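Report on the following structure.
The values are calculated or read from the model by the stated rules, or taken from the named source; none is laboratory data. Just so you know, these numbers come straight off a predicted model, no measurement behind them. Every residue, glycine among them, receives a Cβ derived from its backbone with ideal geometry; neighbour counts consider all protein chains shown. With ligands, DNA and RNA removed, areas are computed over all heavy atoms of the protein, side chains included. Shrake-Rupley method; radii C 1.70, N 1.55, O 1.52, S 1.80 Å.
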Amino acid sequence: MKLYNSATRSKDEFVPNDPEMVHMYTCGPTVYHYAHIGNLRSYIMEDILDKYLRYAGYNVNRVMNITDVGHLASDADTGEDKMLKGAKREKKSVLEIAKYYTDAFFDDCGKLNIRTPDVVEPATECIPEYIQIIETLIEKGFAYVAGGNVYFDASKLDKYYIFNDFDVEDLDVGVREGVLEDENKRNRNDFVLWFTKSKFEDQALKWDSPWGEGYPGWHIECSGISMKHCGEYLDIHCGGVDNAFPHHTNEIAQSEAYLGHKWCNFWMHVHHLNINSGKMSKSSGEFLTVSLLEEKGYNPIAYRFFCLQSHYRKNLVFSWENLDNATLAYDKLIARIAGLKGEPKIVDEAAFAELKGRFTDALDNDLNTSLAVTALYDVLKYKTDDSTKLYLLGDFDRVLGLNLLNAAKALNEANAETDKSCESDPEIEKLILQRAEAKKEKNWALADKIRDDLKAQGITLIDSKDGTTWCRE
Ligand code: AMP
Ligand code: ZN
């Protein structure tokens, strides 16, 4: 399997450190607001990677943090704490906010068929781990105390790593002009490991530390949580592309300085979901949630389908029209699957091998989900029996998570219900015939009367090019 690695800027063959277990870490949500569908694009694509690794036969230990402390309004360590901001907005405590939005996040993930990672760790649960790492960094000369805070000293590194294969606008996040410089920093790229003092109102939650009562910086939480649950060697680290700099850069700096060796082999970055007016973000602009999609009558799985139709390393533009098109395509796909008869079973081995090969070729090539979706249509078109087709569709859906077989079954059941309510009745059939005759003779009054009389008895006539059927309301 080849995966694009932002660290090497090439598609590299994926080989885990330990053939028995892939350790995969995902930057989790900052739980001060609902996740927007842009955030969820990242989680959908990371879910595909997680599921495809399992499908390919790997054991996976997937870890995700919940950022409930330390993420300031600016990714460059300035501004108010985002959690405190959320708490103020809603007049609740930080912990109440964290609980509420963590639950909301996993509800949304459930609706989008995003599997919950094996380990979900709130940042506030690992304070001793961060303190231990920071102490070691100070001992090794990679960190210093200034103005009450502890900073990582980026100048001590041979190389301060920057993923630079994406837009300048993404890189700007940490070094934007106009951002208030923190005069405690010795170098521009230094970052906070532990805060005891901030120019802004402090985070409500604080812990004792060797440097005074305070709270951890945002970056240290991902290194600490990852090492706690994945050990010293990480196979894949994922996040949205905006996390690449400064967050992931700083994670690499502090983890490798602490460990004294290379930390993570693969970096997977999901590009943004944009709206016409720009990037979707929690702090500004239009903010679309899964609940909003549902209120507007959309099936959240149609949004997942929409995301899978494009590659994760390309920006994706969201519009209602695009979502309508995806919904239409998804509903058609389900209707076609509903037309297949029989039970899922491999009857035609050759067809199975050929079609499965197309699917795995697509995903082995840097998770090309749009080609994997095309493989679904290939199955439907292929000259083979329905049982093999159903088996393949169910098999592919272990990765794609589109509810294909269940949705098709539900559609068939709903259609059977409709059919049931249209039983035969010789009296009604006779009236339908009379109405057809009346229409032929252009006796519209009689035709309408027959229809209206039936309507009054709760019977609706349905005219189509194939004739007239009826339903009891
Ligand atoms: P946050 O909750 O803000 O920490 O973000 C959660 C995840 O969503 C991170 O991996 C971000 O990089 C990612 N993300 C943020 N905005 C977008 C967007 N517009 N499109 C895709 N992913 C995003
Ligand atoms: Zn992170």
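Before moving on, here are some points about what is shown:
- Rounded if a/c under 1.5, otherwise prolate or oblate - segment 198-299, Cα gyration tensor axes: oblate
- Here's the list of lysines a cross-link from Lys206 could span, going by alpha-carbon distance under 28 Å and ignoring same-chain residues fewer than 8 apart: Lys82, Lys85, Lys88, Lys91, Lys92, Lys99, Lys140, Lys185, Lys197, Lys228, Lys282.
- Taking the C-alpha atoms only, the angle from helix 369-381 to the longest principal axis of the chain is near 20 degrees.
- Packing-based ranking of 460-470, 147-157, 316-326 yields 147-157, 316-326, 460-470, ordered from highest to lowest mean Cβ neighbour count within 10 Å.
- Stretchable slack from Glu354 to Glu429, in nm (0.36 nm times residue separation minus alpha-carbon distance): 22.0 nm
- Taking segment 18-270 and dividing mean pair separation by its residue count, relative contact order in percent (alpha carbons under 8 Å, at least six apart): 26
- The chain - charge dipole about Cα centre, Lys and Arg +1 at Cβ, Asp and Glu -1, debye rounded to 20: 980
- Think of it as helices only: each DSSP H run of n ≥ 4 in the chain is worth -39500 (n - 2.57), and spread over all residues that comes to -14000 deg cm²/dmol at 222 nm.
- Length released on extending from Tyr233 to Leu411, taking residue separation times 0.36 nm less the Cα-Cα span: 59.4 nm
- The chain - percent of accessible surface contributed by carbon and sulfur, probe 1.4 Å: 50
- Relative contact order of the chain: 17 percent, from C-alpha pairs under 8 Å at least 6 residues apart in sequence.
- The residues of segment 422-472 expose, per residue, 72 Å² of accessible area to a 1.4 Å probe.
- Tail beyond 27 Å, pair distance distribution of segment 290-416 (Cα, percent): 20
- Size descriptors for the chain, from the alpha-carbon set: Rg then Dmax equal 28.2, 100 Å.
- For the chain, the longest principal axis of the alpha carbon atoms and the long axis of helix 94-111 meet at an angle near 40°.
- Listed residues Leu433, Asn315, Asn243: farthest to the positive end of the dipole of the chain (Cβ charges): Leu433
- Taking the convex hull of Cα positions in segment 368-417, its mean projected area over all directions (nm²): 3.8
- Relative contact order for segment 241-370, counting Cα pairs under 8 Å that sit 6 or more residues apart, in percent: 23
- Computed lengthening from Ser155 to Asp18, 0.36 nm per intervening residue step minus Cα-Cα distance: 46.1 nm
- Kirkwood Rh and Cα Rg combined as Rg/Rh, segment 422-472: 0.93
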